[in-house]
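Single-structure report; data block below.
The values are calculated or read from the model by the stated rules, or taken from the named source; none is laboratory data. Keep in mind that what you see is a predicted model, and the values were worked out from it rather than measured. As a convention, Cβ positions derive from the backbone with ideal geometry for all residues, glycine included, and neighbour counts pool all protein chains shown. Ligands, DNA and RNA are stripped out before the accessible areas are found, and what is left, the full protein with its side chains, is counted by its heavy atoms. Shrake-Rupley method; radii C 1.70, N 1.55, O 1.52, S 1.80 Å.
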Amino acid sequence: SSAEVLKPFLRGRDVKRWRCEFKDLWLIFTRRGIDIRKYPAIYEYLKQFQKKLTSPASAGRNSAYYKWYEIKSTVEYWQEFEQPKIVYPDIYEHQSFAWDKERFFSGNTTYFIPTGEAWLTSHLNSLPVEWLYSQLSNRIRGGYFRAFSDYMKQIPIPAASSADKARLTKLAERAAKQAEAEDAAGLRATEREIDEIVYRLFDLTPDEVGHIEKSLAGVRAGGAGDDEEDSDA
């Protein structure tokens, strides 16, 4: 029964461009209202922390609302973690979106977009979106961006045919495999193909494409997404 409440867990640093690097970390998801008696092994494990969780130092845990073994947050949207989604870290240097169909849970150093539209992973990692986000958001210390929802909501989604969506989905799958295999040359070619499709979907002129690529010269060669900073505690 323990498997029902053990969830594979990602930190911000585990979410890379195109892929998630699962580090065998697990969340004991004892959400509010759980019948802990159904999970005796979990309960026995958690008992070692009971004193700490009920001490004055944990005064933020209101015993009137939470049992000592329950996760403090209500997390009303928790079912969304177990659906297909696009995940990304809260701090990154370059666009670092990954398609997740493994039902990963995560903390507050990641965000996610609940969607079955896997092709959007390619769109969000494209150079046009990279350029656009650089115009919307200011860089913080070290040249990193914060993935604020107010800015993310402003990223336009172009009208795309079923064929384009299918192609961008395949390219995202290929990019993930190439990133995992550290196939830099193959990944550059795949990302170039993605960029060309997104340029076309936005009906950009050669001058506009040239401006974007000049502004972001070196992004693809710089190993985008592998050196993001992370605020995990």
For residue 101, are the conditions met, namely being open to solvent by 40 Å² or more (accessible area, probe 1.4 Å), under 24 Å from residue 198 (Cα atoms) and within 16 Å of the chain's Cα centre (by Cα)? yes
Going through (1) open to solvent by 60 Å² or more (accessible area, probe 1.4 Å); (2) in contact with a strand residue (DSSP E or B) (Cβ under 6 Å, 6 or more places away or on another chain); (3) of a type in the set (Val, Ile, Thr) one by one, residue 91 fails only at (1)
Can you work out which of the residues in the range 59-78 that are more than 12 Å from residue 33 (Cβ to Cβ) and surrounded by fewer than 14 Cβ atoms within 10 Å (Cβ to Cβ) is modelled with the highest pLDDT? 77
State yes or no: is residue 201 farther than 30 Å from residue 78 by Cα, touching a Pro at 6+ places or on another chain (Cβ under 9 Å) and either open to solvent by 30 Å² or more (accessible area, probe 1.4 Å) or not aromatic (Phe, Trp, Tyr) (or both)? yes
Is there any pair linking a residue in the range 204-215 that is in contact (Cβ under 8 Å) with a residue 24 or more places away in the chain to one that is of a type in the set (A, V, I, L, M), with Cβ under 6 Å and at least six apart or on different chains, and which? 212/127
Go through the range 1-47 and report how many residues are in a helix (DSSP H, G or I), surrounded by fewer than 17 Cβ atoms within 10 Å (Cβ to Cβ) and among the charged types (D, E, K, R). 5
Among the residues of the range 127-156, write down those that are of a type in the set (Val, Ile, Thr), out of contact with any Leu (no Cβ under 7 Å at 6 or more places or on another chain) and closer than 24 Å to residue 209 by Cα. 129
Candidate set: the range 138-158, residues that are charged (D, E, K, R) and surrounded by fewer than 10 Cβ atoms within 10 Å (Cβ to Cβ); chosen: the one modelled with the lowest pLDDT: 141
Every residue from the range 113-137 that is surrounded by fewer than 21 Cβ atoms within 10 Å (Cβ to Cβ) and either touching a strand residue (DSSP E or B) at 6+ places or on another chain (Cβ under 8 Å) or small (Gly, Ala, Ser) (or both): 113, 114, 115, 116, 118, 133, 134, 137
Of the numbered conditions (1) under 21 Å from residue 21 (Cβ atoms); (2) touching a residue at least 12 places away in the same chain (Cβ under 8 Å); (3) open to solvent by 40 Å² or more (accessible area, probe 1.4 Å); (4) among the acidic types (Asp, Glu), residue 193 fails exactly one; give the number of that condition. (1)
